[in-house]
Amino acid sequence: MPFRILSLGKSKSQAGLFLGFITYASAFSAPLGGALADRVGKKPILLASSATILCFSVVYAQATQLWLILLTAVVHGVFWSALLASSAAMMIGIIPDTRHAEGLGYWGLASTLAIAAAPAAGLWLLQRGWGWLCFRMGSLAVGMFLIALRFPEKRVQRTGGLEGFCRRHWLRNECSCLP
């Protein structure tokens, strides 16, 4: 995206704003995304994030105004953070208990390899055109969506907090906070 912003005639500092906006939005919304995944479910968050990131690829392909690109970057960062939190939690649920460290090591290796390969792949795709790069980003989002559809959602009974306390004690007629 910084190269796209530069190609639109914007300055290097404006191109850098994109990276700052998406990074800070992702970092500061991480606890919110994780909490939402715990309450709503990891699979619905993965599906919603993948679908939303597909929409961002369309916006990025068409956007020429810096304000729209930066606004999209903030929302993109929030959904990216939720996707990361949900996928990490889902991985922990999939990896056998006796192999958590090894499984997370492979997951971390995949993330590191992706970060190492992404700039070269992105620059190669950019040579084919900005629209092509956005199309590929959208294709990856569709792939994430289809993969997320295949994973079963483990339902966990959440009894923490005031609601859980009241539900447990109401069942024993000790609490009047629930009907």
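Could you please state, rounded to a whole Å, how far the C-alpha centre of segment 123-151 is from the C-alpha centre of segment 91-109? For segment 123-151 versus segment 91-109, the Cα centre distance is 26 Å.
Across segment 61-68, coupling constants 3J(HN,Hα) worked out from phi with the 6.51/-1.76/1.60 Karplus curve, θ = phi - 60°, read 5, 9, 5, 10, 8, 4, 4, 5 Hz, and Gly and Pro carry x. Cβ crowding within 10 Å ranks I53, I115 as I115, I53, fewest other Cβ atoms first.
Taking θ as phi - 60° and the Karplus parameters 6.51, -1.76 and 1.60, the scalar couplings of segment 29-34 work out to 9, 4, x, 5, x, x Hz in sequence order, x denoting glycine and proline.
With the cut-off at 1.5 for a/c, could you classify segment 95-141 from its C-alpha gyration tensor as rounded, prolate or oblate?
Oblate shape, in that a/c is at least 1.5 and b/c is the bigger or equal ratio.
Expressed per residue, the C-alpha convex hull volume of segment 1-126 stands at 112 Å³. Cβ-to-Cβ counts within 10 Å put C134, C55 in ascending order as C55, C134, the fewest first.
The numbers here are math on the coordinates, done by the rules we state, and not lab data. Treat the numbers as computed from the prediction; the structure is a model and nothing was measured. Methodologically, a virtual Cβ is constructed for each residue, glycine included, from the backbone with ideal geometry; neighbour enumeration extends over all protein chains shown.
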